[in-house]
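Everything below concerns the one structure shown next.
Every read-out reported here was derived from the displayed coordinates using simple, explicitly stated rules and does not represent laboratory data. Just so it is clear, the structure is predicted and the values come from calculations on it, not from any experiment. Every residue, glycine among them, receives a Cβ derived from its backbone with ideal geometry; neighbour counts consider all protein chains shown.
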Amino acid sequence: MPTRKLAQSLAWIRVFARRAWWYVRPAVARVALALVLRTDPVAEAGEGVISTAIVVVIMAFLAVGLWFAFKTIMANATTTVSNQVAQLGS
């Protein structure tokens, strides 16, 4: 009987260790990465937000430029099609 209780206790310890590792693993990864890169993870906490903001501004400028290019191309295409249809009717 005591061996059965011991086996159950060991099983629960194993389950707890696995679950605990899922919570501890990200912190271990951050510390390992900080040691490899020799940087302070807290000091670079806002870098992702700043980089994302820069990318959003660049994409907005590209979108505006592409919109004006699309409008110009479509205006020229509409004019050309209208001229061709007018010539067909004459």
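Cα-based radius of gyration for segment 46-90, normalised by 2.2 N^0.38 Å, reads 2.09. Which of the chymotrypsin sites (Phe, Trp or Tyr not before Pro) across segment 46-90 are loop residues per DSSP, with 14 or fewer other Cβ within 10 Å? Answer in residue order: no site qualifies.
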